[in-house]
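The values are calculated or read from the model by the stated rules, or taken from the named source; none is laboratory data. Predicted, not measured: the structure shown is a model, and the values here were computed from it. Every residue, glycine among them, receives a Cβ derived from its backbone with ideal geometry; neighbour counts consider all protein chains shown. For accessibility, only protein heavy atoms count, side chains too; no ligands or nucleic acids. Shrake-Rupley method; radii C 1.70, N 1.55, O 1.52, S 1.80 Å.
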Amino acid sequence: MFSKILIANRGEIALRIIRACKELNIRTVAVYSEADRRSLHVRFADEAVCIGSGPSANSYLNIPSIISAAEITDVEAVHPGYGFLAENAHFAEICESCQIKFIGPSPHSIRLMGDKMVARETMRKAGLPITPGSTAMVKSKEEALRIAHRIKYPLIIKAAAGGGGKGMRICHNDVRLISALMTAQAEAEASFGNSDVYIEKYIDEPRHIEFQIVADKYGRVVHLRERDCSIQRRHQKLVEESPSPALDSKLRKKMGEMAIRGAKAVNYHNVGTMEFLLDKKGEFYFMEMNTRVQVEHPVTEMVTGIDLIKEQIKISAGEKLSFQQDDIKINGHAIECRINAEDPNNHFIPCPGKIETLNLPGGPNVRVDTHIYQGFTISPYYDSMLAKLIIHAKNRKEAIKSMKRALDEFIIEPIKTTIPFHKQVLDSQSFISGRFSTHFIENLLQESETEE
Amino acid sequence: MNIKEIKEMIALMNENNLLELEIEKEGMRIRLKKESPGSDESAKIVSVPQFSVTQEAASPQTQKEEAAKKLIEVKAPMVGTFYRSPSPESPPFVEVGQNIDAGQVVCIIEAMKLMNEIKSEVRGKLVEVLIENGHPVEFGQALFLIEPA
């Protein structure tokens, strides 16, 4: 087991990793930008090194600075968290060449699954169902039209190097296809430095169902059931839950087996997530794989009782998985709300600023993962997520009740946050019934507009 | 300096509503910093890196000069290990009391096996070396104090 780990991240996930390390008796090193000098992760780590100025490029994305910090503090491993360098195969390779363990999958897996087109093709060969679409990069208008006529509209154009909803365009006819092809390529070039795009059949009103994978270095792969992440705004998740109201045990078994098959096909180790789209007919298709721990990991932790961050560290240190597939039992229902510093009444624009009054919810069934405190100043350099409010209860009905109660207790003033928006989501008939797709938020926002 | 003297210093600060107080005595320098009320609650953050210092031994020559003029800090532009000379056998790049030109190399910071020459941005006299040879430094850490010309 490692004796010292450096956390190459900030905010709530850095704190989360420090917590796991402390419980495993591992010493921690935090890295921070000048803007994060007063952050909780700096306070709670055993050592801290300032690695650069506020902007991410100078600090949390600054590989030489982070590696240097790892060297002078003499750590054995680096945990990249999520975002930043977590899926940067190059960073993982540099760590290895400096004799520092990268707590995550191999650079090869990261690279393979990071190219969305290659990932699709790899999974298809492994026998996973994928959405009908192009088998290679689409280079010309003629090729795009040929594919469109083969698989039929509606279609979605996606960036091969993409993620987070960028470089995506939906089209319903030939005219739209041509213009969408060019704009998607331009956006992909601007966002990722790579204009390669591919085309997929656009699934109508899908649900986003993802399976949590845990695998050790000895070939054992287990899935920890699913998370339903259909509540998204512009492809950014806002509410996640487990189990999914849309899955019965038969479908769960089928999808779980596919998730494991996919992970085994690429000799995956550490934690990862297989994302699928589920259509109204109960058909599911592989979408992509995330080769890192995810923001919404607490949802799975609450219903399975497994500490995913500790598992990551143990797997990386060479330990075997201490559980098998049959050991995984679902206990109750968990829902997570991502509280962001955004104004839901003003197009969700980010609202950085100082937190004058803070009250965190508490009581039964409540878990809060956050880095904020009263007096903390939210800086404009990083993402707007303030906290994750996770509820774990006996069943979905009780979880919704507790979540609403907890949201009422959550005070973050005078910052504009998405708390009122979450209350709206939980009050909606569609959410309560469990029957919703990724169009949920769009529909909800339209409803509120017509009411005004 | 003993506890009684430090307590007197704190009392002095409170009586006069001072936020920061620095005193030199018998070759020792102590800096006390108080957070103003209404500022961030996390004021209790102690300097965490094990290699940064809050007490520095001041060389006798510099006492008068510091009192007279405002000093400029040369800060580390990167994370790494601080070296005063180009190699273990060579003499240091600069010594206290020496006149420094803008653009003159004052030290090396080693990062990922690469030796980076760090240059002074100001012209003046080197008043103090703040880091020990071979010690690790973080981004923005003060390395030298220069009295500008």
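Is there a residue being within 11 Å of chain B (Cβ to nearest Cβ), β-branched (Val, Ile, Thr) and open to solvent by less than 10 Å² (accessible area, probe 1.4 Å) anywhere in segment A:97-107?
no
For segment B:124-149, the set of residues classified as more than 14 Å from B:Pro77 (Cβ to Cβ) and touching a Pro at 6+ places or on another chain (Cβ under 7 Å) consists of B:Gly124 only. The helices (runs of 4 or more DSSP H) found wholly in segment A:410-452 and carrying at least 1 residues that are modelled with pLDDT of 95 or more and of a type in the set (Asp, Glu) occupy A:419-427. If the condition is being more than 23 Å from A:Met1 (Cα to Cα), touching a residue at least 40 places away in the same chain (Cβ under 8 Å) and part of a loop (DSSP other than H, G, I, E, B), then segment A:295-330 contributes A:Val295, A:Glu296, A:Ile328, A:Ile330. Among the residues of segment A:259-286, just one is open to solvent by 30 Å² or more (accessible area, probe 1.4 Å), in contact with an Asp or Glu (Cβ under 7 Å, 6 or more places away or on another chain) and farther than 20 Å from A:Pro80 by Cα, namely A:Lys280. Restricting segment A:391-401 to residues that are touching a residue at least 12 places away in the same chain (Cβ under 8 Å) and more than 29 Å from A:Pro350 (Cβ to Cβ), the residue that is most open to solvent (accessible area, probe 1.4 Å) is A:Lys394. Among all residues of segment A:379-390, there is none that is open to solvent by 70 Å² or more (accessible area, probe 1.4 Å) and within 14 Å of chain B (Cβ to nearest Cβ). Only a single criterion out of (1) over 23 Å from the mean Cα position of the chain (by Cα); (2) under 22 Å from A:Ser3 (Cα atoms); (3) outside any strand (DSSP E or B) is not satisfied by A:His41, namely (1). Looking across B:Glu65, B:Glu35, one residue alone is within 14 Å of another protein chain (Cβ to nearest Cβ), at pLDDT below 80, open to solvent by less than 90 Å² (accessible area, probe 1.4 Å) and under 21 Å from the mean Cα position of the chain (by Cα). It is B:Glu35. Taken over segment A:70-87, the criterion of being within 12 Å of another protein chain (Cβ to nearest Cβ) and open to solvent by 10 Å² or more (accessible area, probe 1.4 Å) is satisfied by A:Glu71, A:Ile72, A:Asp74.
Answer yes or no: is there a residue in segment A:88-98 that is in a helix (DSSP H, G or I), over 26 Å from the mean Cα position of the chain (by Cα), closer than 30 Å to B:Leu114 by Cα and of a type outside the set (A, V, I, L, M, F, W, C). Yes, because at least one residue in segment A:88-98 is in a helix (DSSP H, G or I), over 26 Å from the mean Cα position of the chain (by Cα), closer than 30 Å to B:Leu114 by Cα and of a type outside the set (A, V, I, L, M, F, W, C). Is it the case that some residue within segment A:6-13 is under 21 Å from B:Gln141 (Cβ atoms) and more than 13 Å from chain B (Cβ to nearest Cβ)? Checking segment A:6-13: at least one residue is under 21 Å from B:Gln141 (Cβ atoms) and more than 13 Å from chain B (Cβ to nearest Cβ).
Residues are listed down the side, and each one gets a yes or a no for (1) basic (Lys, Arg); (2) closer than 25 Å to A:Lys254 by Cβ; (3) in a helix (DSSP H, G or I):
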site	(1), (2), (3)
A:Met113	no, yes, yes
A:Arg120	yes, yes, yes
A:Val138	no, no, no
A:Arg150	yes, no, yes
A:Ile157	no, no, no
A:Leu181	no, no, yes
A:Ala188	no, no, yes
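The numbered conditions (1) open to solvent by 70 Å² or more (accessible area, probe 1.4 Å); (2) farther than 19 Å from A:Asp228 by Cβ; (3) not hydrophobic (A, V, I, L, M, F, W, C); (4) not in a helix (DSSP H, G or I) are all true for A:Tyr373 except (1). Would you say A:Glu23 is of a type outside the set (Gly, Ala, Ser) and more than 8 Å from chain B (Cβ to nearest Cβ)? The answer is yes for A:Glu23.
Taking segment B:123-141 as the range and being outside any strand (DSSP E or B), away from chain A (no Cβ under 14 Å) and buried (at least 16 other Cβ atoms within 10 Å of the Cβ) as the test, only B:Leu130 passes. Residues in segment A:339-361 that are touching a helix residue (DSSP H, G or I) at 6+ places or on another chain (Cβ under 7 Å) and over 20 Å from A:Lys237 (Cβ atoms): A:Asn359, A:Pro361.
Sort out which residues of segment B:2-17 are under 25 Å from B:Leu130 (Cβ atoms) and open to solvent by less than 60 Å² (accessible area, probe 1.4 Å), and write them in order of number. Hits for segment B:2-17 are B:Glu5, B:Ile6, B:Met9, B:Met13. Listed conditions (1) surrounded by fewer than 19 Cβ atoms within 10 Å (Cβ to Cβ); (2) within 12 Å of chain B (Cβ to nearest Cβ); (3) not aliphatic (A, V, I, L, M) are all met by A:His90, apart from (2).
In segment A:32-62, how many are among the aliphatic types (A, V, I, L, M), at the interface with another protein chain (Cβ under 9 Å from one of its Cβ atoms) and in contact with a Phe, Trp or Tyr (Cβ under 8 Å, 6 or more places away or on another chain)?
Summing the residues that are among the aliphatic types (A, V, I, L, M), at the interface with another protein chain (Cβ under 9 Å from one of its Cβ atoms) and in contact with a Phe, Trp or Tyr (Cβ under 8 Å, 6 or more places away or on another chain) in segment A:32-62 gives 5.
For segment A:419-451, residues that are under 25 Å from A:Pro361 (Cα atoms) and open to solvent by 30 Å² or more (accessible area, probe 1.4 Å) total 6. When A:Glu34 is tested against (1) over 24 Å from the mean Cα position of the chain (by Cα); (2) at pLDDT below 95, exactly one condition is not met: (2).
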